[in-house]
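Remarks on the structure that follows.
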Number of protein chains: 2
Amino acid sequence: MSTIPSLPTAKSIQVDTRGALILDEESPETRDSRGIYLPNYVEPVSHIAVDIGGSLAKVVYFTRSPEPPTSPSIAATKGSNTASNVTTPESVSPGKLTPTTPSSPSHRHDALSRVNGALTPAVLDNGSSVASVLPPSLDTHFRDSLLRRASVHHLPGGSLNFERFETDRVDECVEFLQTLIARSAEINGVSIEEMRKSVKIMATGGGAHRFHELFSSELHVEVRREDEMECLIEGLKFISLIPDEVYYFSDELIHSVSHTPAVPFKIPAIVQNGVNGVYERPSPDPPKYAVTFEQNPTPQLPCLLVNIGSGVSIIRVDEDGSFERVSGTSLGGGTLWGLLSLLTPATSFDEMLDLSEKGDNATVDMLVGDIYGQDYTRMGLKSTMIASSFGKVFKKDGKKVKFSAEDISKSLLYAVSNNIGQIAQVDFISYMNAEKYNLDRIYFGGCFIRGHAATVGTLSYAIRFWSKGTKRALFLRHEGFLGSIGAWIKNIEEERPERE
Amino acid sequence: MSTIPSLPTAKSIQVDTRGALILDEESPETRDSRGIYLPNYVEPVSHIAVDIGGSLAKVVYFTRSPEPPTSPSIAATKGSNTASNVTTPESVSPGKLTPTTPSSPSHRHDALSRVNGALTPAVLDNGSSVASVLPPSLDTHFRDSLLRRASVHHLPGGSLNFERFETDRVDECVEFLQTLIARSAEINGVSIEEMRKSVKIMATGGGAHRFHELFSSELHVEVRREDEMECLIEGLKFISLIPDEVYYFSDELIHSVSHTPAVPFKIPAIVQNGVNGVYERPSPDPPKYAVTFEQNPTPQLPCLLVNIGSGVSIIRVDEDGSFERVSGTSLGGGTLWGLLSLLTPATSFDEMLDLSEKGDNATVDMLVGDIYGQDYTRMGLKSTMIASSFGKVFKKDGKKVKFSAEDISKSLLYAVSNNIGQIAQVDFISYMNAEKYNLDRIYFGGCFIRGHAATVGTLSYAIRFWSKGTKRALFLRHEGFLGSIGAWIKNIEEERPERE
């Protein structure tokens, strides 16, 4: 060991992601919380990460297993990323990203049935945890040999598991963690007291401070706090390395894809360059582009991260991982759900999204055409552009007209998404143009997005339009879990010895 | 006349504004539509300007009179612009700019009683219009002499008059114009047909196209269309020349003003530089600054004009008067009024504003402190900052909690104002920093503002905060009439012979 100060080296994430696979969707409600199988990650992990936001608490934990818990479905994980594997428009429609059935915690399974596998306390990392998953029918000699190898190579891999809870029902989250810890003790054949000594909760998000006392007193385990923004960035750095995690709207219109001969496939010029080189403005009903999943992750920094939860934070992440919250807005997911719960009979996020898909915003929004009777060509404003969201609702004579919940939902979803897209693109374009930052990627994360076609579409169009088609909005399957993944990753780094 | 192309010369406005005075307020509902007395403007004017927006139609016309229709009240027009004439905080409180009683068209006077004076057809510009306003008791010789002078010097001056109508009740506007034309014919002693030949309607705004046919068929006068943005800019250029028209929040806190010895007056350093050099973020309840009226108008271009009507347009005006709509948002006045008419029992703008003044947004908005339990110091987010507008409303378990109309109004008014301030400041700061544009003034106009203290305060704070206290948001008494004033001015220029 030398005492000469060493140059700083790029910190690499200490989780082996080679061969990582996103597992199949169990049900629409687990769309964004599918497990990730890491066949080559072999360390014991007994910490649990919890990111407690204004509305949702997100849990991440790792369990070891000799094979993927369920076989990954190629169709479900790969989507399309080349023209040749575009099959039918339906199979790659962004609409498919949307949960189709309403869900609420009361419909969900109880804590026990939600727990996947078991945590592995480091103290037991002598092969016994492998023994517990090997079939007892194995030849004893072969079994011993496997266990010897396992103690060296830490076979097998395992899975990252994801769970969501309402922050208002944090007791459900606590119950889930209690069950997970108790079950892990049982499977590993150790006492609950021993297990608790081994488990750590890495808490992040706004609620990490508020609920610190509750978690430590109820769970009897160590609870550590991690900085929210740091965790978001760590989470993004990790998750964007997973194949098929990152997705975006391709340049291929669904319509063109389905109406163009497959061989030789050629993207129509009208789509590549927009109509007459003009890129469509964002709108509540944009033409549908095909969704493409990034199979081969590319370097993800520097980037702008727009994290859309109850509120919105916009964070610039530089090439070295340092970051700054450059702006944000209080008009986020909480605003949409809050107003819609006052204005519609919907009682869940997904019911609101369902409503919005059936709505026509033109009954409540004042369009340019409603004011001008035509395009305002000189200013480049098309007649279909929204001049004033909800501008048709107010009637000064006091007559209250009844508007449909569907139309209201569509209008508000578009207004909130478009406003975020507008604020985000301003930051993006200005940092993109600032040579110093060399920025050309923008990720949208956070629970607000929910893979909803209209939201993803609006944000994609905003970036496409304002960057004149040169840049794309990037989305993440595990959009809401960046903070909890980051808290989990940060502790992996801390637990491992420094490598020189 | 030479055929050699001449260099373009700066176009000057052809209306003599020397000695211009803003007339006293008749009632709270005429706060933004007080007449402007122009003692030195002597031309006959028989055109009427109408700016028809998505929600309101704004009318401007000029009538000649030997003296101001009512004596201008110094207190009402001057406000404060130096420390020495700050008297009591109450007299300069921005709250004073707010209408205190609800108003709706049904409470307003009928068309006839709203008509002020008469238009003067150019054809009659031989003194007879002056004759009509001279007392008949005058000595005949003196009277003739006055009339001779009048035909040369175009004595006397006159007043610009302002009226507002709902676009949905455009028939009321038509009736008003019919009455104005008929009364002008009567006063000038000409037939209605002759009068109609002399009158022109200059129509601008989105509705100029839609209602063109209605205006010409109902009024039997020529209707010309003028470009909306051009009129806005012309209107701004003219109106900002009027003393006491432009106002802003000074650097003097109401509190400090009222608690600091008057002589010698010194602005406390804490106010000048913010607390520890940190400028307060915009918030729903900012400390109250004194309102200052600009008595001596200064050059107003280049500038950014943020026009807030049903929707919002942000326009960059260069030094030579050329302009570009650089951005905008559909979240404007129409959104606020539309949503509040769905969410509260209020049936007029002013009822909604009244509600908002009594509300507490913290019951519906999720504050940083609600999530973190404290400031998020590392990110510079104070616990009182709004993290998510309406973020406390949504409860996933379906229980609908009742929120007060007052709290909802306050939250939404702040959310919309702050969002506009945020979008505007980004444009402002970026053009301010672009050497090419040399921009350092930002005006907020449009009917949404209504001189409402919370709106003016929020926009002022946004600009103050983001420019680090170096710039101010500027407001206009006739905020909603820029377009119609511009259409009126443009025609003055057209009617006059070119001056070489």
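Only the coordinates and a few stated rules stand behind these numbers; no lab work does. Bear in mind that the values here come from a model prediction, so they are computed numbers and not experimental data. Here the Cβ is made from the backbone with ideal geometry for all residues, glycine too, and neighbour counts use every protein chain on show.
At 7 angstrom along the Cα-to-beta-carbon line, where would the label on A:Ser383 sit relative to the other copies? Give the distances in nm, shortest first.
5.6
Please report the spacing between the Cα centers of the stretch A:331-345 and the stretch A:169-206 in Å, no decimals.
Using only Cα atoms to place each centre, the spacing works out to 34 Å.
Based solely on C-alpha atoms, express the radius of gyration and the Dmax of the stretch B:190-250 in angstrom.
16.1, 52
Taking H as built 1.01 Å from N, whose amide H comes closer than 5 Å to the amide H of A:Gly445, not counting residues under 5 places away?
A:Val306, A:Asn307, A:Ile308
Please average, across the residues of B:404-413, the number of beta carbons from any other chain that are within 10 Å of each residue's own beta carbon, and give a whole number.
Numbers: counts 0, 0, 0, 0, 3, 0, 0, 4, 2, 0.
Counting other chains' Cβ atoms within 10 Å and averaging over B:404-413 gives 1.
If you take the square roots of the eigenvalues of the alpha-carbon gyration tensor of the stretch B:291-379 and sort them as a ≥ b ≥ c, do you get rounded (a/c under 1.5), prolate (a/b over b/c) or oblate?
Cα axes put the stretch B:291-379 in the prolate bin.
For B:Thr63, B:Thr204, A:Thr17, what's the fewest-to-most ordering of other Cβ within 10 Å of each Cβ? Before the final figure, lay out each step's value.
Working: B:Thr63 21, B:Thr204 29, A:Thr17 17.
Exposure proxy ranking, most exposed first: A:Thr17, B:Thr63, B:Thr204.
Beta carbons within 10 angstrom, averaged per residue: use that to sort the peptides B:231-241, A:206-216, highest first.
Most protected by this proxy first, the peptides run B:231-241, A:206-216.
Output the peptides B:289-301, B:45-57 sorted from most to least packed, where packing is the average of other Cβ atoms within 10 Å over each peptide's residues. Intermediate values should be presented prior to the final figure.
Details: B:289-301: 17.7, B:45-57: 26.9.
Final packing ranking: B:45-57, B:289-301.
Among A:Asp227, A:Asp360, which comes first, second and so on when ranked by fewest other beta-carbon atoms within 10 Å? Can you show the working numbers first?
Values: A:Asp227 18, A:Asp360 14.
Ascending Cβ contact count within 10 Å gives the list A:Asp360, A:Asp227.
When a/c is below 1.5 the answer is rounded, else prolate if a/b is larger than b/c, else oblate, so apply that to the stretch B:320-424 with a ≥ b ≥ c taken from the square roots of the Cα gyration tensor eigenvalues. Could you put the intermediate results ahead of the total?
On the way: a/c = 2.22, a/b = 1.17, b/c = 1.89.
Note, shape of the stretch B:320-424 comes out oblate.
Per residue of the stretch A:161-171, what does 6.51 cos²θ - 1.76 cosθ + 1.60 with θ = phi - 60° give for ³J(HN,Hα)? Whole Hz please, x for Gly and Pro, Karplus curve as stated.
10, 10, 9, 10, 9, 6, 4, 5, 10, 5, 4
Amide H neighbours of B:Gly391 under 5 Å, counting only residues 5+ apart in sequence or on other chains, H built in-plane at 1.01 Å?
B:Met366
So how do B:Asp171, B:Asp24, A:Asp407 line up by other beta-carbon neighbours within 10 Å, fewest first? Walk me through the numbers before you get to the answer.
Numbers: B:Asp171 12, B:Asp24 18, A:Asp407 21.
Ranked by crowding around the Cβ, least crowded first: B:Asp171, B:Asp24, A:Asp407.
Treating the beta-carbon of each Lys and Arg as +1 and of each Asp and Glu as -1, no other charges, what is the dipole magnitude of the stretch A:210-252 about its Cα centre, to the nearest 20 debye? It would help to have the intermediate numbers written out before the result.
Working: 4 positive and 12 negative charges, 51 e Å.
Using Cβ point charges on Lys, Arg, Asp and Glu, the stretch A:210-252 gives about 240 debye.
Express in nm, to one decimal, how much length is gained between A:Glu194 and A:Glu435 on full extension, taking 0.36 nm for each residue of separation and deducting their alpha carbon distance.
Numbers: separation 241, 0.36 × 241 = 86.76 nm, distance 5.41 nm.
In short, 81.3 nm is gained.
Based on Cβ point charges of +1 for Lys and Arg and -1 for Asp and Glu, what charge dipole magnitude is obtained for the stretch B:348-500 about its Cα centre, in debye rounded to the nearest 20? Working shown, then result.
Working: 21 positive and 20 negative charges, 134 e Å.
Dipole of the stretch B:348-500, to the nearest 20 debye: 640 debye.
How much FRET efficiency would the formula 1/(1 + (r/R0)^6) give for B:Arg169 and B:Glu222, where r is the Cβ-Cβ distance and R0 is 22 Å, rounded to 0.05? It would help to have the intermediate numbers written out before the result.
Numbers: r = 24 Å, r/R0 = 1.08.
My answer for the efficiency is 0.40.
Summarise the partner chain shielding of A:369-382 as one whole number: the mean count of Cβ atoms from other chains within 10 Å of each residue's Cβ. Write out the running numbers ahead of the final one.
Details: counts 2, 5, 15, 8, 7, 3, 0, 6, 0, 5, 8, 1, 5, 0.
Other-chain Cβ atoms within 10 Å of each residue's Cβ, averaged: 5.
How big is the convex hull of the Cα atoms of the stretch A:334-485, per residue, in Å³? Don't skip to the end; give the middle numbers.
On the way: hull volume 21.3 nm³, N = 152.
That works out to 140 Å³ per residue.
For label points placed 7 Å from Cα toward Cβ, what is the shortest-first list of nm distances from B:Ala434 to its copies?
Here the equivalent label points are 1.7 nm apart from this one.
Within 10 Å of each Cβ in B:414-423, how many Cβ atoms from other chains are there, averaged over the peptide? Each step should come with its number before you reach the end.
Values: counts 1, 5, 2, 0, 3, 6, 0, 0, 8, 5.
Averaged over the peptide's residues, the number is 3.
Taking the label point as lying 7 angstrom from Cα along the Cα-to-Cβ axis, what are the distances from A:Asp320 to the corresponding position in the remaining copies, in ascending order and in nanometres?
The answer, with the shortest distance listed first, is 4.6 nm.
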